[in-house]
Amino acid sequence: FVLGTNDRGKTVRNQNPTLDSKIAACAIAINLARHLVKGENDINSCHLYSSADTRGYKHRDGNFYLINFWRTFPPENPSVTPHLCGSHRGMTIFWRMLRPEFVTNYQYPLNPDANTLITVGAVGCE
């Protein structure tokens with residue numbers, strides 16, 4: 001396991017520069033920002049291009065494998081969409097994502113972990 005979180009956000013990793021550069025190329029193509037994340041038990045933040053929920057593995061065959069693309073695109077901000085039906089605990093950030101066409105054409109790269117606790121405490125993510 002070399003990228004993301006596999007313990008529900010307690011720790012976040014980005015430990016393989018080769019995989020990071022491959023993900024960076026994809027993220028730049030779809031206008032996703034490099035951003036800082038910090039797990040609940042992490043001392044330091046780390047940079048990711050993908051959502052912290054995306055998991056990256058380096059297999060013993062030398063290939064990389066990724067899973068959990070469900071939060072590839074940033075969530076809609078519930079505070080700016082009051083006309084849409086909300087949820088009890090503000091959990092719409094986990095299923096109401098921005099459309100790929102919007103993200104790709106936005107004027108600057110967007111953070112796929114926006115509005116989530118994984119960015120709280122990460123330097124530069126106020």
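Is at least one residue of the range 49-70 closer than 27 Å to THR92 by Cβ, in a helix (DSSP H, G or I) and touching a Phe, Trp or Tyr at 6+ places or on another chain (Cβ under 7 Å)? There is no residue in the range 49-70 that is closer than 27 Å to THR92 by Cβ, in a helix (DSSP H, G or I) and touching a Phe, Trp or Tyr at 6+ places or on another chain (Cβ under 7 Å). Here is the figure for the range 71-97: residues that are within 20 Å of ALA29 (Cβ to Cβ) and in a loop (DSSP other than H, G, I, E, B) total 4. Contact annotation: no residue pair with Cβ atoms under 7 Å, 6 or more positions apart or on different chains, pairs a residue in the range 92-107 that is more than 21 Å from ASN68 (Cβ to Cβ) with a partner that is assigned to a strand (DSSP E or B) and open to solvent by 80 Å² or more (accessible area, probe 1.4 Å). Test THR81 against the stated conditions and say whether it is more than 30 Å from SER21 (Cβ to Cβ) and in contact with a helix residue (DSSP H, G or I) (Cβ under 9 Å, 6 or more places away or on another chain). It is true that THR81 is more than 30 Å from SER21 (Cβ to Cβ) and in contact with a helix residue (DSSP H, G or I) (Cβ under 9 Å, 6 or more places away or on another chain). In the range 29-45, how many residues are outside any loop (DSSP other than H, G, I, E, B) and crowded, with 19+ Cβ neighbours inside 10 Å? Number satisfying all stated conditions: 4.
Residues are listed down the side, and each one gets a yes or a no for (1) modelled with pLDDT of 95 or more; (2) open to solvent by less than 40 Å² (accessible area, probe 1.4 Å); (3) within 15 Å of the chain's Cα centre (by Cα):
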| residue | (1), (2), (3) |
| --- | --- |
| ALA27 | yes, yes, yes |
| SER50 | yes, yes, yes |
| LEU66 | yes, no, yes |
| ARG71 | no, yes, yes |
| SER79 | no, no, no |
| MET91 | no, no, no |
| PHE94 | no, no, yes |
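The values are calculated or read from the model by the stated rules, or taken from the named source; none is laboratory data. What you see is a predicted model, and the numbers here were worked out from it, not measured in a lab. Cβ sites come from the backbone with ideal geometry, for glycine too, and all protein chains shown count toward neighbours. These accessible areas exclude ligands, DNA and RNA; they are computed on the full protein's heavy atoms, side chains included. Shrake-Rupley method; radii C 1.70, N 1.55, O 1.52, S 1.80 Å.
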